[in-house]
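Report on one structure; see the data block that follows.
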Amino acid sequence: MPPQLVAPTLAVHASFLAAMDEFRAEGAESVPHSGLARELTTWRSRWPTAEGFAAYVELAGGVLRDPRVDGVVPMTTRWWVDGDSYLGRVTFRHHLTPSLLTWGGHIGYAVRPGARRRGHATAILRAALPVAHHELGIDPVLVTCDDTNTGSRRVIEACGGVFEDQRDEKLRYWISAGAAASQRPHRPV
């Protein structure tokens with residue numbers, strides 16, 4: 001069975017820990033405006049235990065919103081897994097704040113460093129579009145990337161992203177999730 005998007009699951013605990021070590025080694029904790037950076041800082045000491053990881057999976061598997069934090073919108077997370085191997089994740093932001101309209105968009109995705117350059121990012125984004133459209137009612141979706149991130153730009157364009165503009169150092173693309181959801185899914189190699 002090829003990799004697929006799933007709700008966060010306990011089944012990938014060991015692989016998830018290895019992936020988080022890979023993200024930390026490349027400096028993901030210091031990326032501004034990053035949910036992954038916040039999670040690495042907040043959960044890193046709890047993930048190794050079965051109880052801590054279970055608490056994280058339960059939290060990550062729901063619709064997250066911290067009403068105490070201004071600008072935080074409801075979010076849904078899915079993981080890209082192959083059996084018991086964690087390969088990456090996608091986060092859906094249910095609506096846009098002024099900041100998300102410039103910086104973050106509706107969908108953010110990450111592939112663990114050890115699984116990159118194998119088509120997983122394109123496959124994650126393609127698999128995410130039907131979820132955005134059918135499950136969350138988000139259409140069209142805004143996806144952004146750094147103007148220096150050629151790989152992410154190519155992924156977004158391969159998934160039907162239409163360039164709108166550049167704001168600060170972010171490139172902004174809109175994708176018709178409904179149209180993309182009706183296309184055949186991409187399978188990574």
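The values are calculated or read from the model by the stated rules, or taken from the named source; none is laboratory data. It should be emphasised that the depicted structure is a prediction, and the values quoted were computed from it without experimental measurement. When we count neighbours, we look across all protein chains shown, and the Cβ atoms used for this are built from the backbone with ideal geometry, even at glycine.
Within region 6-16, restricting attention to residues that are touching a Phe, Trp or Tyr at 6+ places or on another chain (Cβ under 6 Å) and of a type outside the set (S, T, N, Q), the residue that is surrounded by the most Cβ atoms within 10 Å (Cβ to Cβ) is 16. Taken together, 142, 125 contain a single residue that is at pLDDT 95 or above, surrounded by 14 or more Cβ atoms within 10 Å (Cβ to Cβ) and not in a helix (DSSP H, G or I), which is 142. The criterion of at least 3 residues that are under 25 Å from residue 165 (Cα atoms) and of a type outside the set (Val, Ile, Thr) is met by the following helices (runs of 4 or more DSSP H) wholly inside region 1-118: 98-102.
Here's the yes/no breakdown for (1) under 25 Å from residue 85 (Cβ atoms); (2) more than 16 Å from the chain's Cα centre (by Cα); (3) among the β-branched types (Val, Ile, Thr):
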{"position": "101", "(1), (2), (3)": "no, yes, no"}
{"position": "119", "(1), (2), (3)": "yes, no, no"}
{"position": "127", "(1), (2), (3)": "yes, no, no"}
{"position": "150", "(1), (2), (3)": "no, yes, yes"}
{"position": "156", "(1), (2), (3)": "yes, no, yes"}
{"position": "162", "(1), (2), (3)": "no, yes, yes"}
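Considering the conditions (1) surrounded by fewer than 22 Cβ atoms within 10 Å (Cβ to Cβ); (2) within 26 Å of residue 26 (Cα to Cα), residue 107 is excluded by exactly one of them, (1).
Looking only at region 33-41, decide whether some residue is over 16 Å from the mean Cα position of the chain (by Cα) and free of Cβ contacts under 8 Å to residues at least 40 places away in the same chain. Steps first, answer last, please.
Going residue by residue through region 33-41, those that are over 16 Å from the mean Cα position of the chain (by Cα) are 41.
After this cut, where a residue has to be free of Cβ contacts under 8 Å to residues at least 40 places away in the same chain as well, the list is 41.
Within region 33-41 (the criterion being over 16 Å from the mean Cα position of the chain (by Cα) and free of Cβ contacts under 8 Å to residues at least 40 places away in the same chain), the answer is yes, since at least one residue qualifies.
Is there a residue in region 46-63 that is closer than 23 Å to residue 128 by Cα, out of contact with any Leu (no Cβ under 8 Å at 6 or more places or on another chain) and among the acidic types (Asp, Glu)? Yes, region 46-63 contains at least one residue that is closer than 23 Å to residue 128 by Cα, out of contact with any Leu (no Cβ under 8 Å at 6 or more places or on another chain) and among the acidic types (Asp, Glu). Of all residues in region 22-55, those that are surrounded by 15 or more Cβ atoms within 10 Å (Cβ to Cβ) and more than 29 Å from residue 102 (Cβ to Cβ) total 2.
Of 187, 118, which residue is closer than 18 Å to residue 89 by Cα, at pLDDT below 95 and touching a Pro at 6+ places or on another chain (Cβ under 9 Å)?
Testing whether each residue is closer than 18 Å to residue 89 by Cα, at pLDDT below 95 and touching a Pro at 6+ places or on another chain (Cβ under 9 Å) leaves just 187.
Every condition in (1) free of Cβ contacts under 8 Å to residues at least 60 places away in the same chain; (2) of a type in the set (Lys, Arg); (3) closer than 20 Å to residue 19 by Cα is met by residue 112 except one, and the failing one is (1).
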